[in-house]
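The values are calculated or read from the model by the stated rules, or taken from the named source; none is laboratory data. All figures in this text were calculated on a predicted structure; none of them were measured in a lab. Here the Cβ positions follow ideal geometry from the backbone for every residue, glycine too, while neighbour counts run over all protein chains shown. Note: accessible area is taken over every heavy atom of the protein model, side chains too, but ligands, DNA and RNA are not part of it. Shrake-Rupley method; radii C 1.70, N 1.55, O 1.52, S 1.80 Å.
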Amino acid sequence: MSSIQGYGVHAAGAELLPLRYDPGDLRPQDVEVRITHCGVCHSDLHLIDNDWGMSQYPFIPGHEIVGAVTEVGEAVRHLVPGDRVGIGWQADSCGYCEWCRKGEENLCSQAQPTCVGRHGGYAEAVRVNARFAMKLPEALDSETAAPLLCAGITVYQPLRAAGVNPSSRVGVIGIGGLGHLALQFARAFGAEVTAFSTSQVKESEALELGAHRFVHSRDSKALKAVEGTQDLILSTINAAQEWSAYVGALRPHGTLCLVGVPPRPVSVEAFPLIAGARCVCGSNTGSPARIAEMLDVAARHNVAARTESFRMAEANQAIGRLRKNHIHYRAVLAN
Ligand code: NAP
Ligand code: ZN
């Protein structure tokens, strides 16, 4: 396309407005994708508000994209026009560093996010390096698969890295876009699953999604009752927290893994870490190879987002509901 129409943000916290841009010539390694669906991730909201100080205005948010390839650059061998693909947080990487060569492109220092310094998926089309456009298994529905491309891989990666299996006890803090997929993947891995949530109304849905147990995370007695029970706790929340309660919920060798981005430093006492050889870590999306694996697992184990559908032109409404923590569980915009 010689110009691409989308919905962009022009200043921190502003409403999205129609935005048209010229993508220039298609680079040999790139593909252009006509977008059918795009999930609304909380990271889009952090970028809209410039919470991370990295936003470059104006920009079109959106990095949970599904669509059809319309054009391929001359160096692209593995995709052809018409292929249905998904695109997540990452649009490019250097391809040569230690991490890219190991197949951990998500750790490349030159990694390019899909909507930072470039325009993302709240639009009719997008261009990315073809290495980051993933073919979707046929069994996946486009709307409920779009959130897998960021939320899904972000929770799948640490579950896989921790070797979660039927002997594992996995806790998930925050049952939003990421968290509701984490419950499903942890259950698919055979773990005993605990949902930690501030929203009592989510209890029955959390159990349907795969949790064996629901803990109200603002109830300190309920948190105390799960002390020393969890092998892996995945925090998907974007809020400050009494983190020591979650470190206390870990078994020896247990890990608290942060994927959600709290606004303030995470502070924990050293002694419980030392005494139980416990660990606090982070995790950042996943490589293309891991995304392909995750999509295959989702297709075979029926992992799918629960979505609220909006038209692309209704992006501001979706964002408004996300700001209020009203979405069950992922807003998806459709063209
Ligand atoms: P989301 O749909 O808004 O879900 C976040 C959940 O956090 C909410 O549903 C809520 O769950 C809980 N929460 C909200 N406010 C809270 C508060 N004040 N105290 C305690 N819990 C609270 O967001 P998301 O799209 O899943 O994204 C979550 C975070 O992950 C964001 O910070 C996002 O930037 C980050 N993220 C990171 C990566 C990565 O690669 N590491 C990738 C994608 C997203 P309950 O109602 O159950 O309490
Ligand atoms: Zn995201």
Conditions (1) open to solvent by 60 Å² or more (accessible area, probe 1.4 Å); (2) within 16 Å of ligand 2 (Cβ to nearest atom); (3) not small (Gly, Ala, Ser): number failed by residue 237: (1)
Scan the stretch 181-201 for residues that are of a type outside the set (S, T, N, Q) and open to solvent by less than 10 Å² (accessible area, probe 1.4 Å) and jot them down. 181, 182, 183, 185, 186, 191, 193, 195, 196
Search the stretch 177-206 for residues that are over 24 Å from residue 318 (Cβ atoms) and pair each with any residue that is open to solvent by 10 Å² or more (accessible area, probe 1.4 Å) and within 16 Å of ligand 2 (Cβ to nearest atom) when their beta-carbon atoms are under 8 Å apart and the residues are at least 6 apart or on different chains. 196/174
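Does residue 76 count as touching a residue at least 60 places away in the same chain (Cβ under 8 Å), over 22 Å from residue 314 (Cβ atoms) and either away from ligand 2 (no atom under 16 Å from the Cβ) or open to solvent by 10 Å² or more (accessible area, probe 1.4 Å) (or both)? Before the answer, list the steps.
Working: touching a residue at least 60 places away in the same chain (Cβ under 8 Å): no; over 22 Å from residue 314 (Cβ atoms): yes; either away from ligand 2 (no atom under 16 Å from the Cβ) or open to solvent by 10 Å² or more (accessible area, probe 1.4 Å) (or both): yes.
Taking the combined requirement at face value, the residue does not satisfy it.
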Just checking, how many residues over the stretch 251-271 are assigned to a loop (DSSP other than H, G, I, E, B) and either surrounded by 11 or more Cβ atoms within 10 Å (Cβ to Cβ) or touching a residue at least 24 places away in the same chain (Cβ under 8 Å) (or both)? 10
Residue identified as away from ligand 1 (no atom under 12 Å from the Cβ) and buried (at least 21 other Cβ atoms within 10 Å of the Cβ) among 155, 170: 170
Of (1) open to solvent by 10 Å² or more (accessible area, probe 1.4 Å); (2) within 16 Å of ligand 1 (Cβ to nearest atom), residue 124 satisfies all except one. Which? (2)
Residue list for the stretch 88-114, filter: out of contact with any Cys (no Cβ under 8 Å at 6 or more places or on another chain), outside any loop (DSSP other than H, G, I, E, B) and free of Cβ contacts under 8 Å to residues at least 24 places away in the same chain: 98, 101, 112
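Return the only residue of 117, 53 being open to solvent by 30 Å² or more (accessible area, probe 1.4 Å), in the same structural domain as residue 143 (by TED's automatic domain parsing) and without any contact (Cβ under 8 Å) to a residue 40 or more places away in the chain.
Values: 117 fails: without any contact (Cβ under 8 Å) to a residue 40 or more places away in the chain.
Unique residue meeting the criteria: 53.
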Which of (1) open to solvent by 10 Å² or more (accessible area, probe 1.4 Å); (2) assigned to a loop (DSSP other than H, G, I, E, B) does residue 178 not meet, given it meets every other one? (2)
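Identify all residues within the stretch 133-142 that are within 19 Å of the chain's Cα centre (by Cα) and open to solvent by 10 Å² or more (accessible area, probe 1.4 Å); write none if there are none.
Going through the stretch 133-142, the residues within 19 Å of the chain's Cα centre (by Cα) turn out to be 133-137, 140-142.
Selection gives 134, 135, 136, 137, 140, 141, 142.
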